[in-house]
Amino acid sequence: MAFDLLTTVETGGCSAKIPPRQLEELLKDFPLPADPRILVDISTHDDAGVFRINEETALVFTTDFFPPVVSDGYEFGLIAATNSISDIYAMGGTPLLALNIMMFPSARIPMEVYRDILRGGSDKAREAGVSIIGGHTIDDYPPKYGLAVIGTVHPEKIITNAGVREGDDLILTKPVGTGVILAGHRLRMVSAMQLDGAVAAMKQLNSAGAMLMQKYGVRGATDITGFGLAGHALKMARASGVTVSIDLRSVPLLDGTYSLADQGCIPGAAFRNLDYTENETRTSATADYSLRMIAHDAQTAGGLLMAVAPERTGDLLKDLHVSGHPEAAVIGRAGKREEATLVLV
């Protein structure tokens, strides 16, 4: 019988992150490096750092790893690699090279599982055009896996949290709900088809979205991961000096997500994310509670949230729909900065 990785963890994927409020408090006094070649650092809470090499090329550098979100080692490797590489795409970059990051308890889990995880990571990296050229493993429980990834981007075409402009439409490329679906799976409340839908979404690269953002001149975007749709939208709004409004009814959901949330299947990470956003958020009195909590659900290998000039929204959406993102949708808009940084309706 195959080893079930979910028996090693209580929370996996991006829901295992330190709560965003606590993380910001820890990092607020850290000095930033003073180097004019550093084009993006942690000051805007972006997905990756960017370092200019010359007038034509900048390096995009990121890392991500987490505990298992699925039972199978190979699928875990696919999802973890997809999630790690996504940060390069979110910055508008092209991923090139990666190193494996692995924590694995060699005496407690069969080594065949170790090989399966690495094989999944290797196959997903190959799909993305990324060469894994090494890595590092320590003996640790529970297992954790991810990548450190380097990509490139033109210094004048970097896409960041701070690139949103007043009047931009907000497009989300993937449905949300992975945290809710995975929690429901543990409670045996999810059908095999619903679980398969969530896993398929987590294994889908954001490469098409990155290419289309460059085609349509997008300069503000992020990928949706551990801080949830609301948390990442708040970070974009802060960094860009705008107020972002999200129509919760327009947000695409994975099959089964709303029903589970409505039954009270809401992971703890969603409440931690709500704690992070609520002091800067205005929520409509008519907003659906379940949809509000889904907007705070921690996502693993989620889609891109991109800010698009309204005159380009229709064409960009059409291209997303034919390039493997049929559920991509306009979910909100950026406007003039108000007292509330994020508005949920």
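The values are calculated or read from the model by the stated rules, or taken from the named source; none is laboratory data. Predicted model, so just to flag it, every value in this text is computed and none were measured. Please note: Cβ atoms are built from the backbone with ideal geometry, for glycine as well, and neighbour counts cover all protein chains shown.
Can you spot a residue in the range 140-159 that is among the small types (Gly, Ala, Ser) and more than 26 Å from ALA233 (Cα to Cα)? Scanning the range 140-159 turns up no residue that is among the small types (Gly, Ala, Ser) and more than 26 Å from ALA233 (Cα to Cα). Does ALA148 satisfy the condition of being surrounded by 22 or more Cβ atoms within 10 Å (Cβ to Cβ), in contact (Cβ under 8 Å) with a residue 40 or more places away in the chain and in contact with a Ser or Thr (Cβ under 8 Å, 6 or more places away or on another chain)? In short, no. Counting residues in the range 238-248 that are of a type outside the set (D, E, K, R) and in a loop (DSSP other than H, G, I, E, B) gives one or more.
A search for C-beta distances below 7 Å between a residue of the range 19-39 that is touching a residue at least 12 places away in the same chain (Cβ under 8 Å) and any residue that is part of a helix (DSSP H, G or I), counting only pairs 6+ apart in sequence or on different chains, returns PRO19/ARG272; PRO19/TYR276; PRO20/GLY231; PRO20/ASN273; PRO20/TYR276; ARG21/ASP275; ARG21/TYR276; LEU27/ILE42.
Let's see how each residue does on (1) touching a Cys at 6+ places or on another chain (Cβ under 9 Å); (2) surrounded by 14 or more Cβ atoms within 10 Å (Cβ to Cβ); (3) at pLDDT 85 or above; (4) among the small types (Gly, Ala, Ser):
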{"position": "ILE18", "(1), (2), (3), (4)": "no, no, no, no"}
{"position": "PHE51", "(1), (2), (3), (4)": "no, yes, yes, no"}
{"position": "GLU55", "(1), (2), (3), (4)": "no, no, yes, no"}
{"position": "SER71", "(1), (2), (3), (4)": "no, yes, yes, yes"}
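Among the candidates ALA221, ALA198, which residue alone is in contact with a Leu (Cβ under 6 Å, 6 or more places away or on another chain), closer than 25 Å to ASP41 by Cα and crowded, with 24+ Cβ neighbours inside 10 Å? Among ALA221, ALA198, only ALA221 is in contact with a Leu (Cβ under 6 Å, 6 or more places away or on another chain), closer than 25 Å to ASP41 by Cα and crowded, with 24+ Cβ neighbours inside 10 Å. Look at GLY184 and say whether it is over 23 Å from THR222 (Cβ atoms), among the small types (Gly, Ala, Ser) and at pLDDT 95 or above. Taking the combined requirement at face value, the residue satisfies it. Residue check: GLY177 meets all listed conditions (1) within 22 Å of VAL244 (Cα to Cα); (2) under 14 Å from the mean Cα position of the chain (by Cα); (3) surrounded by fewer than 20 Cβ atoms within 10 Å (Cβ to Cβ) but one, namely (3). I'd like the residue in the range 320-345 that is closer than 17 Å to PRO252 by Cβ and among the charged types (D, E, K, R) and, out of all such residues, is nearest to the chain's Cα centre (by Cα). Looking at residues that are closer than 17 Å to PRO252 by Cβ and among the charged types (D, E, K, R), I get GLU327. Pairs linking a residue in the range 216-228 that is of a type in the set (A, V, I, L, M) to a residue that is assigned to a loop (DSSP other than H, G, I, E, B), with Cβ atoms under 7 Å and 6 or more positions apart or on different chains, are VAL218/ILE159; ALA221/ILE159; ILE224/GLN299; ILE224/GLY302; ILE224/GLY303.
Among the residues of the range 285-311, just one is of a type in the set (Asp, Glu) and touching a Gly at 6+ places or on another chain (Cβ under 9 Å), namely ASP297. Scan the range 301-311 for residues that are part of a loop (DSSP other than H, G, I, E, B) and touching a helix residue (DSSP H, G or I) at 6+ places or on another chain (Cβ under 8 Å) and the total you get is 3. Checked against the criterion of being in a loop (DSSP other than H, G, I, E, B), within 25 Å of GLY209 (Cβ to Cβ) and assigned by TED's automatic domain parsing to the domain that holds THR173, the candidates ALA298, ALA287, ALA269, ALA334 yield just one match: ALA298. Filtering the range 50-74 to residues that are in contact with a Leu (Cβ under 9 Å, 6 or more places away or on another chain) and farther than 19 Å from GLY151 by Cβ leaves PRO67, PRO68, VAL69, VAL70, SER71, ASP72, GLY73.
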